[in-house]
Amino acid sequence: MTTPEPPHRAPDGVSPPADHADKARTTLQRIADLRAWLFLAFLILAFEVWSRVSFGGTFLFNPFNIQSIAIFAVAPLLLATGQTFVIISGGIDLSMGFIMGLAAVVAAHVINWATPGMGLPLAVLFGALVAIAVAAVPGMVNGLLVSRLKVPPFIGTLGMFGVARGVAFLLAGGTTVPVQNSFFAALGNGRFFGVPWIVIVTAVFVLLMHYLLSQTRFGQHNYAIGANVQAASRAGIDIKRHLLRLYILSGVCAGLAGFLYAARFSAGAAQAGEPLLLDSVAAVVIGGASLFGGSGTILGTVAGAFVIAVIQYGLVFINVAPFWQFISVGIVIIISVLIDQAQRRFSGGRQSE
C-alpha cells in the first residue's frame, strides 16, 4: 500500500499552487495603495522622536502644532481636491494657482464694496459666491478648450495660467487688496471649539468631494474616462460634457481656496496660489493617483496634502532652512512616481499571467 502525497505538495512536473504568491502580491499592492498614509505616519514619528530628543517636548500632541499643520494644508488640499478629479480623468490643470489668486482678489474687492450696504455677514457670503463664480469662468474656458477644441490639457491650462495671472494682477493693481470686515477676519482666524473655521469649511467640502468621486455616477464616469476614453465613449458617456463639468469643478475648488486665503490674511493677493500649484500636483501624486489617469482617491489626496504640510511645518519646527522644503517635497514626488511606475508594471505583469 502506497502512502498518498500530502495535499500541500504538487506532483512532479506540476507548478505549485499560486496562493502564497497571490497573497504576497495582494499585500504588496495594499501597501503601495496606502503609501501616503504610511509615509505620513513615518514623518510624524520622525518629528516626534526629534522633538523629544532635541527639545524634550512633543511634536504630535502639541495642539498648536496640529492646528498649524491643518492650516498649512487648507489651500493646497483644496487645490489638490480639484486636481484629483482632473488627473484621474487623464488631464492636468496648471491654471489653478492663479485662478485661486484671482478669486482672492475678487473676494476682497466685492466684500469691501458690499460691506457698507449689506452688513458684515451678508457681504462675506456675497463675496464668497462671486469669487467662486468668477473662478468657475476660467475653469469653463479650460473645459471648452480641452473638450471641444481638443487642446491638450497641459497647453490649454498653461495658457489660462497666464490669462488668470494677468487679470488678477490688473484687478489688484499690482498689490494686495486689504479687506475691512471683522466678520471676514473672524472666519479666517476664528475657532470653533479650538478648530479653525477654515479647517472646518475645508473638511466639509473635501468630504462632499469624496462622496462625489466615490459614490456618484459622475465619479464613476471620471474613472472610466481616465482608464480608457474610447471605451468610455462606446459605453455612452458624454466625454465632452463631462470634461467641461470637470474643469468647472476644478475652478470652483480654486475659487474656494482663494476665498479662504483672503479670509485668513484679511487681504486678497494675485500671487496667492502661485507657490501652491506644485503642492497640489504633489499631493495628488503622493496620495496614489496615477498621472496616466484612471486611479486615485480624495482620501489619498488628503494624506498627500498632510505629508507636504508636515514636511513644511516640521522642517520649520526643527529650525531647518526653508529651502529644504522644496528639496524634500521634490524627492517625495519622485519616489511616489517611481512607486506608481512599479505598481503599473507589477499590475500589467500580473494581468498577463
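Of all the residues that make up segment 133-182, how many are assigned to a helix (DSSP H, G or I), surrounded by 14 or more Cβ atoms within 10 Å (Cβ to Cβ) and over 24 Å from the mean Cα position of the chain (by Cα)? Lay out the reasoning, then the answer.
Within segment 133-182, the first condition is being assigned to a helix (DSSP H, G or I), and the residues that meet it are 133-147, 153-172, 182.
Right, trim to surrounded by 14 or more Cβ atoms within 10 Å (Cβ to Cβ) and you get 133-147, 153, 156-161, 163-165, 167-169, 171-172.
Of the ones still in play, those that are also over 24 Å from the mean Cα position of the chain (by Cα) are 167, 169, 171-172.
Of the residues in that region, 4 qualify.
Could you list, in sequence order, all residues of segment 183-195 that are open to solvent by less than 80 Å² (accessible area, probe 1.4 Å), out of contact with any strand residue (DSSP E or B) (no Cβ under 8 Å at 6 or more places or on another chain) and in a loop (DSSP other than H, G, I, E, B)? Let's see the steps before the verdict.
Pass one, segment 183-195, residues open to solvent by less than 80 Å² (accessible area, probe 1.4 Å): 184-188, 190, 194-195.
Then drop every residue that is not out of contact with any strand residue (DSSP E or B) (no Cβ under 8 Å at 6 or more places or on another chain), which leaves 184-188, 194-195.
Answer for segment 183-195, where residues must be open to solvent by less than 80 Å² (accessible area, probe 1.4 Å), out of contact with any strand residue (DSSP E or B) (no Cβ under 8 Å at 6 or more places or on another chain) and in a loop (DSSP other than H, G, I, E, B): just GLY194.
In segment 114-132, how many residues are more than 10 Å from GLY255 (Cα to Cα), open to solvent by 20 Å² or more (accessible area, probe 1.4 Å) and free of Cβ contacts under 8 Å to residues at least 40 places away in the same chain?
7
Being under 15 Å from TYR313 (Cα atoms) and in a helix (DSSP H, G or I) is the filter here; which residues of segment 49-66 pass it?
Of the residues in segment 49-66, the ones under 15 Å from TYR313 (Cα atoms) are 50-51, 58-66.
Selection gives TRP50, SER51, PRO63, PHE64, ASN65, ILE66.
What number of residues in segment 32-48 are in a helix (DSSP H, G or I) and either modelled with pLDDT under 90 or open to solvent by 80 Å² or more (accessible area, probe 1.4 Å) (or both)?
Matching residues across segment 32-48 total 9.
Can you tell me which of ILE99, ILE69, ILE87, ILE111 is in contact (Cβ under 8 Å) with a residue 40 or more places away in the chain, in contact with a Pro (Cβ under 6 Å, 6 or more places away or on another chain) and either part of a helix (DSSP H, G or I) or crowded, with 23+ Cβ neighbours inside 10 Å (or both)?
Values: ILE69 fails: in contact with a Pro (Cβ under 6 Å, 6 or more places away or on another chain); ILE87 fails: in contact with a Pro (Cβ under 6 Å, 6 or more places away or on another chain); ILE111 fails: in contact with a Pro (Cβ under 6 Å, 6 or more places away or on another chain).
The unique qualifying residue is ILE99.
Can you name the number of the only condition in (1) open to solvent by 10 Å² or more (accessible area, probe 1.4 Å); (2) within 23 Å of ILE66 (Cα to Cα); (3) touching a Phe, Trp or Tyr at 6+ places or on another chain (Cβ under 9 Å) that VAL204 fails?
Unmet for VAL204, out of (1) open to solvent by 10 Å² or more (accessible area, probe 1.4 Å); (2) within 23 Å of ILE66 (Cα to Cα); (3) touching a Phe, Trp or Tyr at 6+ places or on another chain (Cβ under 9 Å): (3).
Among the residues of segment 300-309, is any farther than 21 Å from ILE92 by Cβ and modelled with pLDDT of 85 or more?
So the first thing to find is which residues in segment 300-309 are farther than 21 Å from ILE92 by Cβ, and the list is 306, 309.
Now restrict to residues that are modelled with pLDDT of 85 or more: 306, 309.
Checked segment 300-309: at least one residue is farther than 21 Å from ILE92 by Cβ and modelled with pLDDT of 85 or more.
Among the numbered criteria (1) within 12 Å of GLY101 (Cβ to Cβ); (2) crowded, with 24+ Cβ neighbours inside 10 Å; (3) at pLDDT below 95; (4) not β-branched (Val, Ile, Thr), which single criterion is violated by SER280?
(1)
Looking at segment 215-233 only, could you name the residues that are open to solvent by 50 Å² or more (accessible area, probe 1.4 Å) and in a helix (DSSP H, G or I)? Full working, then the answer.
Pass one, segment 215-233, residues open to solvent by 50 Å² or more (accessible area, probe 1.4 Å): 215, 217, 220-221, 223, 227-230, 233.
Listed by number, the residues that qualify are GLN215, ARG217, GLN220, HIS221, TYR223, ALA227, VAL229, GLN230, SER233.
What pairs come up if the first residue lies in segment 46-62 and is of a type in the set (A, V, I, L, M), the second is in a helix (DSSP H, G or I) and surrounded by 11 or more Cβ atoms within 10 Å (Cβ to Cβ), and their beta carbons are under 7 Å apart, counting only those six or more places apart or on different chains?
Sorted first by the residue in segment 46-62, then by its partner, the pairs are LEU60/ILE44; LEU60/GLU48.
With respect to VAL329, determine if the residue is open to solvent by less than 20 Å² (accessible area, probe 1.4 Å), free of Cβ contacts under 8 Å to residues at least 60 places away in the same chain and of a type outside the set (Ser, Thr, Tyr). Can you show your working first?
Working: open to solvent by less than 20 Å² (accessible area, probe 1.4 Å): yes; free of Cβ contacts under 8 Å to residues at least 60 places away in the same chain: yes; of a type outside the set (Ser, Thr, Tyr): yes.
In short, yes.
The values are calculated or read from the model by the stated rules, or taken from the named source; none is laboratory data. The shown structure was predicted, so the numbers you read here are calculated from the model rather than taken from an experiment. Because the Cβ atoms are built from the backbone with ideal geometry, glycine has one as well, and the counts that use them run over all protein chains shown. With ligands, DNA and RNA removed, areas are computed over all heavy atoms of the protein, side chains included. Shrake-Rupley method; radii C 1.70, N 1.55, O 1.52, S 1.80 Å.
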